[in-house]
Amino acid sequence: MTLAQAVIEGADPEELERAPVPPTYTAAYIRKDEVGMFGRTPHGVNGVDKDVRRSLHVGEVPMPELAPDEVLVAVMASAINFNTVWSAMFEPIPTFAFLERFGRTDPRHDLDTHVLGSDASGVIVRKGPAVRHWRIGDRVVTSPAYVDSEDPITHHDSMLGGDLRAWGFETNFGGLAEFAVVKATQLLPKPRHLSWEEAACNMLCASTAYRMLVGEHGSRMKQGDVVLVWGATGGLGAYGVQLVKNGGGIPVGVVSSRDKAELLRRMGCEHILDRTQFEHLDDEKAWRRLGAEVRRLVGEDPAIVFEHTGKETFGASVYVARKGGSVVTCGSSSGFEHAYDNRHLWMKLKRIIGSHGANYLECAEINRLISLGMIHPTLSRVYPLLKAADAARAVQVNEHVGKVGVLCLAPGEDLGVEDHALRERVGEQNLRLFRSWPASP
Ligand code: NAP
């Protein structure tokens, strides 16, 4: 029996250990020799379409060796994150540059192929001799922060580590594959009431949103805080909205269509803005209109603005945050060079908080909330691994809501649920809400 078959059939740990590790495995990857294929003009500028279906391939790659503090996970399911889209567009820089730098200390990663993917659920099938807390056969999800725990600052906050890397983006051997190489300090128990694909879609976006809103390094949302959430049905935003509601805040969600507005309503978000009503948010008049609309909806300015949309929205975000409020940002989908009027920042004592990923503790905390059924997966569609490029394309062109899942070794959807009683208590209507999109308003 092959290792993959043993995993699919739920073999016990001894059988898993007996099954040989294959010399190659199927994975979604980009190629170093294709780095220049799209030219230098950024995607979306002058009609340039850096279609990720051209650059993202699925095929056989060699199986790497394990380091002592790593495990080999047989990946049952994975998910698309926006970083896979960045990698496959070779923007803002080709991710092979990260692999080359990493290769100076760990030559395994510096290859002509980059296996992508920063989320996974699966089963541990091998472990290095330094791994103490995990066993072969454990069902796990992966957190995306790949850190060097010998760096002292990582014991304060691993996101400050000099060698911090986003797994499957700045490292090789990521989750969009049949097998993935994962550090022990990335592992968390799989939520038992979720299927493989539901479990795989959460960690990167949910943990990033958790740090931005709840964790001590972010905006530290309080009960009753009004939070403006850009992209409120997107990968990050849909967890942002849930965390605001779960923590007693008042979300104001921004979306771009009636379908998405309806989904947001079904999530229990009462206050909704359609950003297509506020095109060209590049001057103060437009910012004022947005601010007035937020006040009309909730009667006050947002204590927190949840930012990841970047250049096109940042000036407005700084403007609409209330006096003493904060703009917490982890990304720049519409462009990295932001312009805002600094008078609105300093005169109104506002703060801009940079946030990136989440440390292991924050990942464990959000995984606990998911495992308790308090925060739900936002899986909307599922593709097989062979169609990973189509899945990434859906995210690239903003055709999706929530998270787009990818089945790797899992032979079908809805497998892997262990705690059916909890699943029933949490309710299919919550767990499958995003699967029903688009729903007529
Ligand atoms: P996503 O699933 O594509 O969702 C982004 C949402 O933003 C979309 O649903 C879209 O919603 C909205 N949007 C897109 N363009 C916009 C624009 N020009 N103005 C206003 N809204 C716009 O992506 P995601 O996973 O949420 O990631 C969002 C960004 O955060 C990406 O740049 C990603 O790289 C970054 N990120 C960073 C970290 C980190 O740790 N630093 C972690 C995760 C993600 P509507 O069309 O409905 O408005």
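The values are calculated or read from the model by the stated rules, or taken from the named source; none is laboratory data. In this text the structure is predicted, and so the values were computed from the model without any measurement. Note: ideal-geometry Cβ built from the backbone for every residue, glycine included; neighbour counts use all protein chains shown. Surface accessibility is based on the protein's heavy atoms, side chains included, excluding ligands, DNA and RNA. Shrake-Rupley method; radii C 1.70, N 1.55, O 1.52, S 1.80 Å.
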Between the stretch 411-433 and the stretch 91-144, how many Å separate their Cα centres? 28
Of MET221, LEU204, HIS280, which is farthest on the positive side of the dipole of the stretch 197-280, counting Cα position, with +1 on Lys and Arg Cβ, -1 on Asp and Glu Cβ, and the Cα centre as origin? MET221
Would you mind calculating the relative contact order of the chain from Cα pairs under 8 angstrom and at least 6 residues apart, reporting the percent as a whole number? 18
DSSP-loop GluC sites (Glu not before Pro) across the stretch 92-195, with at most 12 other Cβ within 10 angstrom: GLU150
Leaving out ligands, DNA and RNA, and with a 1.4 Å probe, what % of the accessible surface on the stretch 269-321 is carbon or sulfur? 42
On a straight-distance basis, which lysines could pair with LYS285 in a cross-link, Cα separation under 22 angstrom, same-chain partners fewer than 8 positions away excluded? LYS311, LYS323, LYS348, LYS350
Tell me the per residue accessible area of the chain using a 1.4 Å probe; a whole number in Å² is fine. 42
Within the set of other residues whose C-beta is less than 12 Å from the C-beta of SER195, count the net charge using Lys and Arg as +1 and Asp and Glu as -1. -1
Put LYS127, LYS190 in order of accessible area, largest first, 1.4 Å probe: what do you get? LYS127, LYS190
Rounded to the nearest Å, what's the spacing between the alpha carbon centres of the stretch 150-193 and the stretch 353-381? Just the number, please. 14
Give the relative contact order (percent, whole number) for the stretch 30-160; include only Cα pairs under 8 Å separated by 6+ residues. 28
Going Cα to Cα from LYS190, which lysines come in below 30 Å? Please leave out same-chain ones fewer than 8 positions away. LYS127, LYS222, LYS245, LYS260, LYS387, LYS403
Within the stretch 215-277, list the trypsin sites (Lys or Arg not before Pro) lying in a DSSP loop whose Cβ has at most 12 other Cβ atoms in a 10 Å radius. LYS222
per DSSP, antiparallel bridges as share of beta bridges in the chain, % nearest 5, sits at 60
With r as the distance between the Cβ atoms of GLU100 and MET37 and R0 = 22 Å, compute the FRET efficiency 1/(1 + (r/R0)^6) and round to 0.05. 0.75
I need the trypsin sites (Lys or Arg not before Pro) found in the stretch 1-63, filtered to DSSP loop residues with at most 10 other beta carbons within 10 Å of theirs. ARG40
Rounded, prolate or oblate: pick one for the stretch 83-215, where a ≥ b ≥ c are the square roots of the eigenvalues of its C-alpha gyration tensor, a/c under 1.5 means rounded, and failing that, prolate if a/b is larger than b/c, else oblate. rounded
Counting pairs of alpha carbon atoms under 8 Å apart in space and at least six apart in sequence, what relative contact order in percent does the stretch 216-339 give? 24
